[in-house]
Every structure is written in structure tokens, then in C-alpha cells.
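In what follows, a single structure is set out as C-alpha cells and then discussed.
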Amino acid sequence: MNIEKLMQSLEAKHPGENEYLQAVHEVLMTIEDVYNAHPEFEQAKIAERLVEPDRIITFKVPWVDDRGDVQVNLGYRIQFNNAIGPYKGGLRFHPSVNLSILKFLGFEQIFKNALTTLPMGGGKGGSDFNPKGKSDAEVMRFCQAFMTELWQYIGPETDVPAGDIGVGGREIGYMYGMYRKLARQNTGVLTGKNLEFGGSLIRPEATGFGGLYFVKQMLETAGTSLKGKTIAISGFGNVAWGAATKATELGAKVVSISGPDGYIYDEDGISGEKIDYLLELRATCNDIVSPYAEKFGAKYIPNRRPWELKVDIALPCATQNELDKNDAKLLIENGVICVGEISNMGCTPEAIDLLLKHKIMYGPGKAVNAGGVATSGLEMTQNAMHLSWTAPEVDAKLHQIMSEIHTQCVRYGRENDGYINYMKGANVAGFLKVAKAMMAQGII
Ligand code: GLU
């Protein structure tokens, strides 16, 4: 495989799609050896076929706000690869959403979903709609307008969307209602639904829980544990909430959360009612964390990121490229032992290079945060069987899946000196599964 040539051709075809090009480059670099060991992959142009989505659906979403003004947003669904199962992946509603961001997320989702051991292909979608400051009625009208267009492209065996940044239970509910009305089917086509109409227990906390199960295994493999460790978390949404809950339960102390306005340092630890307060903070839809400091008497550091704190573990839980080279340098100087991305592509490539160079344990998002989509897969299974599992049943399955993902990463990521390159392990394991499925199914 000639990575440089492939990247040049992608850059020429998709200029300025930086996040997408970044995600593709990372995967190609890490799978190069195993790719070259299989000449049949090159012959079937697996890499060239894998890096382009099967199709991209874009549409406009006109809706009326509370003042009676007409608003027009853009909607997207990227159906990236369905070699191993129906397209599966979240919808992101955020003003930053564009084709590059959704293509990077959809591309990552292919490998992440392959790692879960469940039969799910990769997809992603969303809109540049900004839920911040919108009323419930506005969110409902937007979600209905969005689904009016999207419904014809999705289905329980075709493409199963879910939540992501800006899309939680409320948005999924409104979209599911509209889908059901248009399709006249109640087949659970979205995951992340409320419990009353086909949702799964543990789904809201699954990304954070799964992330901590994975980090726990990373630490245990290195001969240590979460007990007594200090953790810096970024973000304050659903994922940060689940991660803080499980980290505390497993004996660690979470000392930070963050928002676009800055971060909170709580040296007493963010636990108990303070964790539940995160859900309240999020519900205000103001996208700020500063009220936490006033309520609990903690420190609020405006316009900075929590990676300058002296902690044992750093868990990015907010968004892509939220931990850069300088942050990694600070963390390393302060003695960090593990960085686990619970956000998608949370670290920049330069930050990852530095962490690997210093042999710091680094878990990539597509492995560490796969518990969310894995539990979505379990929701699909429950819907297909028309039954619901108990919370302990779902949690046990999630635990098992995270453990299998860890095993695959170790299998393909262990280096000669014993260091485990989880990024390489995750990419190679995910890639091999999809590539073998593509090979078996011919040129399509
Ligand atoms: N948005 C989540 C992710 O990045 C969940 C996707 C899903 O549940 O389909 O994996």
C-alpha cells in the first residue's frame, strides 16, 4: 500500500476535510504492515474502497422557531460501510458539524463497531443545528423536520442512528415519534430510546461505564489499578457523567469536568450528588460549567482545559482534538500514567505521538468508547427479540464486550518490548474483520 499516494489523492478529492483526512491517515499508518502481508487486499483495493463512504445523504431542514421565523439547517447521513452489518452510528447536532467531521466519525465507527464483536457496520450523521438555548418545542419541530427527510434512508436492518453530541433521549424520542408516524412501523430504528418504547437499561451510562471498564483493564494489565488514582475528565455531558459515576464506584477520584467556558477543579472529588448535578447542568442547555463552582465551592478556571492538572489518569470526554501536544507534554511532566479517549479522536496526532514515545498507556476512542455503540447493539437485539433485559444482564454483556475489545487490542498491539500500542491493536483488529468480510463478498 502506498499511503502517501492514497493520502494525496484523497486530499485532492476532498480538500480541507482535515478531520476526515486525519482519521484515515492514522488508520492507514497503523495497518500498513498487516495490509502488506496480505497481497490480496491490495489486489482488491480494500484500502481505496474502505476510505470512501458507500454514500452520503445531505438534505436541508427547514423549521419554524418560537418567534415564527423560518430557520434552515443542513442534515446529513453518511453510510460508510455495511460489510459486517447494518450501518450504525450516532447523529451529532452541533454548529461545528460539517462533512469532514461526520466523515471522520463515520470512518472511525466502522472499526469501533467491528471491535464490539457485534454485527454492525459504520455510519454517522447529524446537523449544524445548535440545540443550545432552544426551547423544547423548537427542538421537537427541528427533530421532526430532520426525520421527515431521513426516515426513508434508515431501517432496523438498513441503518440504525443513535445519539452523539447534542442528541440525547429527548431528541431521539422526537425523531423516533416522527419515524413511527411516517414508516408506520415500531421496529426500534433508533437506539438510545427511552425505556417505555424499546430503550435499553444502561444505555445512557454505557459509554462512560464501558470506558472505565476498559481503562481498568489497561491498568490491571500494567500491574496497577484504579484504586486511589486521581482522574481529570473533560466535558460534562452524558459521557462525562457515566465516566465519573463508574470511576468513583471503582475507587478513583475525579477532580475535574469542563465546558466550552473553562474547567472546574474540585480537589475533594466529584462524587455523589455532584455527579448527578452534571445532568442538571446539561438540562439548562447553556453549555457552561461555571455554576458548579458557585454551588459546590470548587475552583473555576475560565478558558482553560483540565490537562494542566497533576493527575494519574486523563479521560477526554468532550470532543475531537481536545487534547493537543502541549497538553500531552504537561500531563507527562505531571506524571500521568494513562490517557483514555472516551470522546471520539480526543487527542491530536502529535499528542498521541508524544504519549507513545513516552510509553504512556494510551487508549484510542474507537476502543475505549465502544461501550456506547455496543449497548446500542444490545438494544437492537432486545428490540428484535421483543423483550428487555435487566440492568445487571446488560451490564454483564457490556463488561464482557469491553473485555473482548481489550483482548483484541493486546493481541494486535503488543510490541517487542512489551508495551501495548492500543491504537495499533484497535485499528488492526477492527480492520481485519471488515477487510475479510469485504474480501468474502466480492467487489461491490
Ligand atoms: N455516538 C456514539 C458513538 O460515537 C454511539 C453510537 C451508537 O450508539 O450508535 O459511538
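Computed quantities for the displayed model
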item: Out of GLY169, GLY188, GLY199, GLY177, sole residue that is among the small types (Gly, Ala, Ser), away from the ligand (no atom under 11 Å from the Cβ) and at pLDDT below 95; result: GLY188
item: Hits in the range 38-47 (condition: in a helix (DSSP H, G or I) and open to solvent by 30 Å² or more (accessible area, probe 1.4 Å)); result: PRO39, GLU40, GLU42, GLN43
item: Residue list for the range 262-291, restricted to those being acidic (Asp, Glu) and either open to solvent by 30 Å² or more (accessible area, probe 1.4 Å) or touching a helix residue (DSSP H, G or I) at 6+ places or on another chain (Cβ under 6 Å) (or both); result: GLU267, ASP268, GLU273, ASP276, GLU280, ASP287
item: Options PHE214, PHE209: the member that is under 22 Å from ILE332 (Cα atoms), within 16 Å of the ligand (Cβ to nearest atom) and surrounded by 17 or more Cβ atoms within 10 Å (Cβ to Cβ); result: PHE214
item: Top-ranked residue of the range 217-241 - restricted to ones that are within 27 Å of PRO302 (Cα to Cα), part of a helix (DSSP H, G or I) and open to solvent by 20 Å² or more (accessible area, probe 1.4 Å), ranked as farthest from the ligand (Cβ to nearest atom); result: TRP241
item: Selection count, the range 91-147, where residues are assigned to a loop (DSSP other than H, G, I, E, B), among the hydroxyl-bearing types (Ser, Thr, Tyr) and surrounded by fewer than 24 Cβ atoms within 10 Å (Cβ to Cβ); result: 3
item: Meets criteria (in contact (Cβ under 8 Å) with a residue 12 or more places away in the chain, open to solvent by less than 10 Å² (accessible area, probe 1.4 Å) and more than 15 Å from the ligand (Cβ to nearest atom)) for GLY372; result: no
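Yes/no per residue for (1) of a type in the set (Val, Ile, Thr); (2) at pLDDT 95 or above; (3) surrounded by fewer than 21 Cβ atoms within 10 Å (Cβ to Cβ); (4) over 23 Å from the mean Cα position of the chain (by Cα):
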| position | (1), (2), (3), (4) |
| --- | --- |
| GLU17 | no, yes, yes, no |
| TYR20 | no, yes, no, no |
| ASN36 | no, yes, yes, yes |
| TRP63 | no, yes, yes, yes |
| ASP69 | no, yes, yes, yes |
| LYS88 | no, yes, no, no |
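The values are calculated or read from the model by the stated rules, or taken from the named source; none is laboratory data. A quick note: this is a predicted structure, and the numbers were derived from the prediction, not measured. No Cβ is skipped: glycine too gets one built from the backbone with ideal geometry, and neighbour counts run over all protein chains shown. Calculation scope for accessible area: heavy atoms of the full protein, side chains included, ligands and nucleic acids excluded. Shrake-Rupley method; radii C 1.70, N 1.55, O 1.52, S 1.80 Å.
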